[in-house]
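What follows is one structure encoded as structure tokens, with my remarks underneath.
What follows is calculated from the coordinates using simple rules that are stated; it is not laboratory data. Please read these numbers as outputs of a predicted model, since none were measured by experiment. Cβ placement follows ideal geometry from the backbone for every residue including glycine, while neighbour counts extend to all protein chains displayed.
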Amino acid sequence: MAAQEEGQQDKTYRRVDLPSGSTEKEVRMKCKICGSMAINHHLHARDGSDPDLCDVCFWRNRANILAVEVKRFREMDEEIKEILRERDLLT
Ligand SMILES: [Zn+2]
């Protein structure tokens, strides 16, 4: 039984033999950033965009985009406050 379980585990991690003439990308999609095959469009609240990113890179990408937007909003907030200070309108 233990040997059979080991055999099954080996199969899980066995390298997939590719059909002749096909690339690994055609057989299994890999993340374009990190190479992970953990691409699960139906899980983790993914919205179907960025099909070539793994789940981690998908959300890291979203977080980075939001961080840039938050930084820009903070800069705009400071610019608005500066204008209000110049006009003595800031209370
Ligand atoms: Zn990735």
| task | Extending each Cα 7 Å along its Cβ direction at GLU69 and SER36, get the distance between those two points in nm, one decimal. | result | 2.2
| message | Taking 41 Å as R0, compute the FRET efficiency from the Cβ-Cβ separation of LEU43 and ASP88 and round it to 0.05. | response | 0.15
| task | Just order 74-86, 54-66 by mean Cβ neighbour count inside 10 Å, highest at the front, would you? | result | 54-66, 74-86
| task | For segment 42-57, just list the computed ³J(HN,Hα) in residue order, Karplus coefficients 6.51, -1.76 and 1.60, θ = phi - 60°, integers in Hz, with x standing in for Gly and Pro. | result | 8, 10, 6, 6, 6, 10, x, 7, 6, x, 9, 10, 6, 4, 5, 5
| query | Residue by residue through segment 30-35, which ³J(HN,Hα) values in whole Hz follow from phi under the Karplus form 6.51 cos²θ - 1.76 cosθ + 1.60 (θ = phi - 60°), with glycine and proline marked x? | reply | 10, 4, 6, 9, 10, x
| task | Quick one: what are the phi-derived ³J(HN,Hα) couplings along segment 82-87, Karplus 6.51/-1.76/1.60 with θ = phi - 60°, whole Hz, x for glycine and proline? | result | 4, 4, 5, 5, 4, 9
| What whole-number value in cubic angstrom gives the convex hull volume per residue for the C-alpha atoms of segment 49-91? | 67
| task | Could you line up ILE33, ILE39 from fewest to most neighbouring Cβ atoms inside 10 Å? | result | ILE33, ILE39
